[in-house]
Amino acid sequence: MTLKQLEAFYWAATCRNFAIAANRLNISVSSLSKRIGELEASIGADLFSRSARSATLTALGEQLVPHAKDLLRNADQFMQQASNNLTFSGRCRFGAGELTSLTWMPRLIETIQQAHPNLLVDPFVGVGELVERGLEEGELDFAVIAGPSSRASIASRLIGSAEFEWVASARAVGDPATLTPADLPGLTLITLPQSSGAIRILDDWLTEQHVSPGRNQCCNSWGGIAGMLRLGLGLGFLPSAWARILIARGDVQPLPGFAPLRPLPYTFQWRRDDTRPMLDSLRALAEDCLDFHAPTFLV
């Protein structure tokens, strides 16, 4: 029995399918199946039932999953103790929201590659709901998104927050300086879709103000929202750094009569059953890199 065989068994057992497990280990599906077969031969019993269209765990396989997890965790801890300058190798896939991807994600990737030059990092950018699903199903190793997660299988650690400001063009509302929440029922509110984490703070704000917009117009891109606000298609909120750039240019104006939105917490998320030391290192790097100041060329 080898650690590679145990890894193949554990990830095949906990990922949605063999293809995802193979991707996590950066090997082919046939290599994954071979390692599992070798492990089954060494213990003299089947760990997966292959009679169905997809492989399912046998009763013995179910019993051995937590033991495999413990063995792999102990092996990782052994390696961590063996070297004070432990670096990681292989492939790491992580998920992030659009705002992160447009601001500090490139710096995070650069920092990870400097700390772990043999670790290939693949980012996936999507709305929070989609990213969490990929994390839960084993397609991603970790995620940096608005949180915390409400899924029982996902752990979340707060690493920072993003701030937003209400803005509008005079073309949309006349005199933005005199606008109040009471005017909102007669206006168009431009926002991200419901699957976005930023909607959480908007919903809280609308509840606190006891108002609803006359019309919601959704766009799944912060850049698209910024452009729509500049053209006066409605009012809305933008990341604070973006808003200040557009205000300084005269493209939009602040809404002083609107109560501020609360900061949106951002979390480092991972599967609760994933105890690899690599995740502790990457979480610390993500916390150091987090910075939602917008690059000016995007706005």
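We did not get these values from a lab; they are worked out from the coordinates using the rules stated. Keep in mind that what you see is a predicted model, and the values were worked out from it rather than measured. Here the Cβ positions follow ideal geometry from the backbone for every residue, glycine too, while neighbour counts run over all protein chains shown.
With equal scatterers on the alpha carbons only and no solvent term, can you work out the Debye log10 of I(q)/I(0) for the range 164-261 at 0.20, 0.24 1/Å?
-0.95, -1.47
Short version: what are the Cα gyration tensor semi-axes of the range 3-82, square root of 5 times each eigenvalue, largest first, in whole Å?
21, 15, 11
Can you find, among LEU233, TRP205, ILE20, the residue sitting farthest towards the positive end of the charge dipole of the chain, where Lys and Arg contribute +1 and Asp and Glu -1 at Cβ?
Ranked along the dipole, the leading option is ILE20.
So what are the ³J(HN,Hα) numbers for the range 192-203, from phi and the Karplus equation (6.51, -1.76, 1.60; θ = phi - 60°), rounded to whole Hz, Gly and Pro as x?
Per-residue couplings from phi come out as 6, x, 4, 6, 8, x, 5, 5, 4, 6, 5, 4 Hz.
Can you tell me how much longer the chain between ASP122 and ASP288 gets when fully stretched, taken as 0.36 nm per residue apart minus their C-alpha distance, in nm with one decimal?
57.8 nm
Show me the three semi-axes of the equivalent ellipsoid for the range 109-153, from the C-alpha gyration tensor (sqrt of 5 times each eigenvalue), largest first, rounded to whole Å.
Listed largest to smallest, the semi-axes of the range 109-153 are 23, 11, 10 Å.
Taking the DSSP beta bridges in the chain as the whole, what percent of them are antiparallel, to the nearest 5? Show your work: numbers first, answer last.
Details: 21 of 36 bridges.
Just about 60 percent of them are antiparallel.
Would you kindly derive the ³J(HN,Hα) couplings of the range 181-187 from the backbone phi angles with the Karplus curve 6.51 cos²θ - 1.76 cosθ + 1.60 (θ = phi - 60°), listing them in order in whole Hz, with x for Gly and Pro?
x, 5, 7, 4, x, x, 10
Kindly provide the helix-only [θ] at 222 nm of the chain, computed as the sum of -39,500 (n - 2.57) over DSSP H runs of four or more divided by all residues, to the nearest 500 deg cm²/dmol?
That calculation yields -13500 deg cm²/dmol at 222 nm.
Give the long-range amide H neighbours of SER161: residues separated by 5 or more places, or on another chain, with amide H under 5 Å away, using H modelled in the peptide plane at 1.01 Å from N.
TYR266
Rounded to the nearest angstrom and ordered from largest down, what semi-axes does the equivalent ellipsoid of the range 74-185 get from its C-alpha gyration tensor (root of 5λ)?
Working: eigenvalues 315, 56, 32 Å².
They are 40, 17, 13 Å, listed from largest to smallest.
Taking just the alpha-carbon atoms of the chain, what radius of gyration and Dmax come out, in angstrom?
Computed over the Cα atoms of the chain, radius of gyration and Dmax are 23.5, 78 Å.
Could you grab the relative contact order for the chain? Cα pairs under 8 Å, six or more apart, rounded to a whole percent.
Worked out over the chain, it gives 21 percent.
About the Cα centre, and with charges only on the beta carbon of Lys, Arg (+1) and Asp, Glu (-1), how big is the dipole of the chain? Nearest 20 debye, please.
Working: 26 positive and 30 negative charges, 96 e Å.
Dipole about the Cα centre, nearest 20: 460 debye.
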